[in-house]
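Trainee: Take a look at the following structure, please.
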Amino acid sequence: MLILDAIDAGYGAVQVLRGLTLSVAPGEVLCVMGRNGAGKSTMLRAIMGQVPATKGRITLDGARIDGLPAHEVPRHGIGYVPQGRRLFGDLTVAENIEIGLMTRGRDARVRDTVLDLFPRLRERMDQVSRTLSGGEQQMLAIARALCLEPKVLLLDEPTEGLQPSMIALIRDTVVALKATGVATILVEQRVDAALSVGDRIAFMVAGQVAETVSAKGLHPHAAHFATYVGV
């Protein structure tokens, strides 16, 4: 289980996270929603060690990971797909995937399992990644993260700007990962996407989790979305 306990974090003198507390269990999808500037992406970066936590604790299966150098966090089993994908654009699909495999010393078995989820990538292994479509680049970013065989997967607005068929593929992938025990934190602005995969939804306001509710029984016009997400 990944637990954030009373985390403060920010950028220099600018504090963004203020006592943020949340958790995600194996096989669970926790959707994190909130208006722009609520601190959602900063929360993911704090988990990854890219933004230092100045107070609180972050633990994975009981072991503290806050304070680790950013390059060490993925080796503990946390895969991260940032907003904007951040692929190595001049490398091929195969080379991007190989970088994911190298992070935790995984082999061709893992690569083949991941490519079974994204058969289109198997057809494009020699293609330079920056020449892929937006949806294919998002597939590759997720595939690279899955090559770690992560315990926890962090996804920052993975459906942004994608066509419906790609959104459906990402949704199906997240659902399939639940069955393997992967815990997922999904930052998402699309209410329909969050409700289609989420077990719980955490609503963030001003660097804190204001409320966490079960996704079961919520509908797109529920008051929570108007309160915490709507403009």
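Trainee: For a quick check of your reading: which strands (runs of 3 or more DSSP E) sit entirely within region 1-87 and have at least 1 residues that are among the acidic types (Asp, Glu)?
Mentor: Hits in region 1-87: 2-11.
Trainee: Is it the case that THR103 is out of contact with any Leu (no Cβ under 6 Å at 6 or more places or on another chain) and polar (S, T, N, Q)?
Mentor: no
Trainee: Could you please give the count of residues in region 200-227 that are of a type outside the set (Phe, Trp, Tyr) and in contact with a helix residue (DSSP H, G or I) (Cβ under 8 Å, 6 or more places away or on another chain)?
Mentor: 11
Trainee: Ok, one more. Give region 45-91 a look and list any residue that's surrounded by 15 or more Cβ atoms within 10 Å (Cβ to Cβ) and of a type in the set (Ser, Thr, Tyr), or say none.
Mentor: Across region 45-91, the qualifying residues are THR59, TYR80.
Trainee: Before we move on, is VAL93 touching a Ser or Thr at 6+ places or on another chain (Cβ under 7 Å), assigned by TED's automatic domain parsing to the domain that holds ARG144 and touching a residue at least 40 places away in the same chain (Cβ under 8 Å)? Explain how you work it out, then say what you get.
Mentor: Values: touching a Ser or Thr at 6+ places or on another chain (Cβ under 7 Å): yes; assigned by TED's automatic domain parsing to the domain that holds ARG144: yes; touching a residue at least 40 places away in the same chain (Cβ under 8 Å): yes.
For VAL93, the condition - touching a Ser or Thr at 6+ places or on another chain (Cβ under 7 Å), assigned by TED's automatic domain parsing to the domain that holds ARG144 and touching a residue at least 40 places away in the same chain (Cβ under 8 Å) - is met.
Trainee: Against the definition (in contact with a helix residue (DSSP H, G or I) (Cβ under 7 Å, 6 or more places away or on another chain), buried (at least 22 other Cβ atoms within 10 Å of the Cβ) and not polar (S, T, N, Q)), how does MET33 come out, yes or no?
Mentor: Yes, satisfied.
Trainee: Looking at ALA193, ALA179, ALA206, which is the one that is exposed (fewer than 15 other Cβ atoms within 10 Å of the Cβ), over 23 Å from LEU4 (Cα atoms) and either of a type in the set (Gly, Ala, Ser) or outside the structural domain of GLY34 (by TED's automatic domain parsing) (or both)? Give the steps one after another, and end with the answer.
Mentor: Details: ALA193 fails: exposed (fewer than 15 other Cβ atoms within 10 Å of the Cβ); ALA206 fails: over 23 Å from LEU4 (Cα atoms).
Unique residue meeting the criteria: ALA179.
Trainee: Out of all the residues in region 52-62, is one or more in the same structural domain as VAL191 (by TED's automatic domain parsing) and under 22 Å from ILE170 (Cβ atoms)?
Mentor: Within region 52-62 (the criterion being in the same structural domain as VAL191 (by TED's automatic domain parsing) and under 22 Å from ILE170 (Cβ atoms)), the answer is no, since none of the residues qualifies.
Trainee: Show the residue pairs meeting these rules: Cβ distance below 8 Å; 6+ apart or different chains; first residue within region 1-21 and touching a residue at least 12 places away in the same chain (Cβ under 8 Å) and under 20 Å from ARG35 (Cβ atoms); second residue of a type in the set (Phe, Trp, Tyr) and exposed (fewer than 14 other Cβ atoms within 10 Å of the Cβ).
Mentor: Partner pairs satisfying both residue conditions: none exist.
Trainee: Need the failing condition index for SER165 against (1) small (Gly, Ala, Ser); (2) touching a Leu at 6+ places or on another chain (Cβ under 7 Å); (3) surrounded by fewer than 20 Cβ atoms within 10 Å (Cβ to Cβ), just the number.
Mentor: Condition (2) is where SER165 drops out.
Trainee: In region 123-140, which residues are aliphatic (A, V, I, L, M) and closer than 17 Å to SER165 by Cβ?
Mentor: Across region 123-140, the qualifying residues are LEU132, MET139, LEU140.
Trainee: Just to check your reading of the model, which residue among ARG120, ARG86 is modelled with pLDDT of 90 or more and among the basic types (Lys, Arg)?
Mentor: The match here is ARG120.
The values are calculated or read from the model by the stated rules, or taken from the named source; none is laboratory data. Every value quoted in this text rests on a predicted model; they were computed, and no experiment measured them. Methodologically, a virtual Cβ is constructed for each residue, glycine included, from the backbone with ideal geometry; neighbour enumeration extends over all protein chains shown.
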